[in-house]
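To start, the structure under review is shown below, and the notes come after it.
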Amino acid sequence: MSSKKLQYERPVIQKLNVGLMNKFGTRTEYTPLTHIDGNSVRDLLGKFGSPLFVISERTLRRTFREANRAFKTRYPKVQFAWSYKTNYMNAVCNAFHQEGSWAEVVSGFEYEKALNNGVPGNKIIFNGPDKTEAELKAAIANNSMIHIDHLDELYLIKELAMESNKKPRVAIRVNMDTGVYPMWDRFGFNYENGQAWDAINKIMLNDKMELVGLHAHIGTFMLTPSAYGMAASKLSHLALEIKKKYKKSVQYIDMGGGFASKNTLKGSYLQGIDASPTFDQFAESICTSILNAGFTDTDLPLLILETGRALIDEAGYLLGTVVSNKRLSDGRRATILDFGVNILFTSFWYDHKISPAQEFSQYTEDAVLYGPLCMNIDVIRENITLPPLKRDDHVVVHSVGAYNMTQWMQFIALRPAIVMIDKDGNSHIIRKRETLDSIEKDEVLPKYLKDFKL
């Protein structure tokens, strides 16, 4: 009986930069990820092609319920609104809608997707600075919540309200100093310098719009729950002053999104799982601030949350295959994968966890992971310790559910399929793999350019 030939591993002397010791020593354990929700990585790639995005519906729903529980156990009136820009695959959006989430959109394109998905118009929040006249008319007709970003938009909505003889339901977006810098003051009206009150007065004294809410989105990948507490206090103060001055109760306070996921930011000293606050910490800060602000039980506003990244990141995986290995001029090992930054945009921000998808020996080596694109910035990980990977081995990139499937671009390589694994472990294709025909179907070639001789 013949024995399997072992893979050759060259002997090396390697300098170790282990940092501070801890009670577990300095050794790092590596575990292959061979299955996702009971599905073999190798089988998934064989069936749907490599590379491949995979969404775990089980993880998506579990994460949403954790967040929902964290807020609803601390505050009596809570409503999540799924952030379409984070991942607008219809299957993903509808899974969140089945869990009770409304829709939050930032463009007419997303607004139309939400309507087509069956979300009632009065359960869609329309954010963003670039709403066209036609889009605003549709939002007014559908009784959607329109979050005003600037005075030009406010004036346009006023004109449209006069024409339609219908009161639009509006909120204003408020930016403020929460102790986190740089401030996100590009969007909305500033709290400290009086811009927010100026907008409120223009709405309340005009009587053409119904002011139903106040909205803030203080930043992205926020690691400081107390900043949300500060924002909630300032929005609550505005709401109470509106009640005092105009005898008008604001229906809701929308705290936006920005909660950090468990990914690890580049340059971070700690791993994301250790550095990122929990849903309970965010909820405690926000809910305590609103409850202590001074509302009566009849005036307590609905708390809306537009959480995106923290709800979907962990549910997403990118599966891929090793193309080749080489040695760089400085001796480092370089592994080339069949996916690049064109479909893994977040590799510019994060040091994603990457696992081999097959068993391996205990030998490890520092390596650089490159994509296949013909550009020098196509770097998936600048430095990672992995076992040697050979051609046709598979890898799994963790926590890629947010933004990669909306910010990806068709460049050099065709974009991959997306598969969702349902609660019972069955795989469903939710976006087909791109083809040359699908790319060229919207191209128009002028007749005079059709023929040529070489």
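The values are calculated or read from the model by the stated rules, or taken from the named source; none is laboratory data. Please read these numbers as outputs of a predicted model, since none were measured by experiment. So basically every Cβ, Gly included, is an ideal-geometry build from the backbone, and we count neighbours across all protein chains shown.
Hey, among N292, N263, which residue is crowded, with 16+ Cβ neighbours inside 10 Å and either out of contact with any helix residue (DSSP H, G or I) (no Cβ under 6 Å at 6 or more places or on another chain) or assigned by TED's automatic domain parsing to the domain that holds Y228 (or both)? Give the steps one after another, and end with the answer.
Numbers: N292 fails: crowded, with 16+ Cβ neighbours inside 10 Å.
From the options N292, N263, the qualifying one is N263.
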Next on the checklist: Being touching a Leu at 6+ places or on another chain (Cβ under 9 Å), surrounded by fewer than 20 Cβ atoms within 10 Å (Cβ to Cβ) and not in a loop (DSSP other than H, G, I, E, B): is that true of I384 here?
Outcome noted: yes
Checklist entry - From N127, N122, N175, which residue is in contact with a Phe, Trp or Tyr (Cβ under 8 Å, 6 or more places away or on another chain) and polar (S, T, N, Q)? => result N175
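With the condition being among the β-branched types (V, I, T), I'd like the helices (runs of 4 or more DSSP H) fully within segment 248-329 carrying at least 2 qualifying residues. Even if it seems obvious, please write down each step before you answer.
Details: elements: 272-275, 279-291, 309-312.
Of the helices (runs of 4 or more DSSP H) lying wholly inside segment 248-329, those with at least 2 residues that are among the β-branched types (V, I, T) span 279-291.
Can you find a residue that is free of Cβ contacts under 8 Å to residues at least 40 places away in the same chain, part of a loop (DSSP other than H, G, I, E, B) and of a type outside the set (A, V, I, L, M) anywhere in segment 399-418?
Within segment 399-418, the subset free of Cβ contacts under 8 Å to residues at least 40 places away in the same chain is 414.
Now narrow it down to the ones that are part of a loop (DSSP other than H, G, I, E, B): 414.
Those still in the list that are of a type outside the set (A, V, I, L, M) too: none.
Within segment 399-418 (the criterion being free of Cβ contacts under 8 Å to residues at least 40 places away in the same chain, part of a loop (DSSP other than H, G, I, E, B) and of a type outside the set (A, V, I, L, M)), the answer is no, since none of the residues qualifies.
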Next on the checklist: With the requirement that a residue be exposed (fewer than 15 other Cβ atoms within 10 Å of the Cβ) and not acidic (D, E), what does segment 168-203 give you?
Outcome noted: G179, Y181, P182, R186, N193, G194, N201
Checklist outcome for this item: Among residues of segment 81-134 being in a loop (DSSP other than H, G, I, E, B) and of a type in the set (A, V, I, L, M, F, W, C), the residue farthest from L154 (Cα to Cα) is M89
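Take the residues in segment 353-381 that are outside any strand (DSSP E or B), surrounded by fewer than 20 Cβ atoms within 10 Å (Cβ to Cβ) and among the aliphatic types (A, V, I, L, M), then tell me which one is farthest from the chain's Cα centre (by Cα).
Initially, segment 353-381 is screened for residues outside any strand (DSSP E or B), giving 353, 357-364, 371-378.
Then keep just the ones that are surrounded by fewer than 20 Cβ atoms within 10 Å (Cβ to Cβ); that gives 353, 358-364, 372-377.
Of the ones still in play, those that are also among the aliphatic types (A, V, I, L, M) are 373, 375, 377.
Values: L373: 24, M375: 26, I377: 23 Å.
The selected residue is M375.
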Next on the checklist: For segment 267-282, check the following and say yes or no: at least one residue is within 20 Å of Y403 (Cα to Cα), among the β-branched types (V, I, T) and touching a Phe, Trp or Tyr at 6+ places or on another chain (Cβ under 7 Å).
Outcome noted: no
Checklist entry - Pairs, please: C-beta under 9 Å, at least 6 apart or cross-chain, first residue assigned by TED's automatic domain parsing to the domain that holds W102 and in segment 242-254, second of a type in the set (D, E, K, R) and part of a loop (DSSP other than H, G, I, E, B)? => result I242/K248; K243/D299; S249/D299; V250/D299; Y252/K77; D254/E306
Checklist entry - Does L436 meet the test of being without any contact (Cβ under 8 Å) to a residue 40 or more places away in the chain, over 30 Å from R333 (Cβ atoms) and among the aliphatic types (A, V, I, L, M)? => result yes
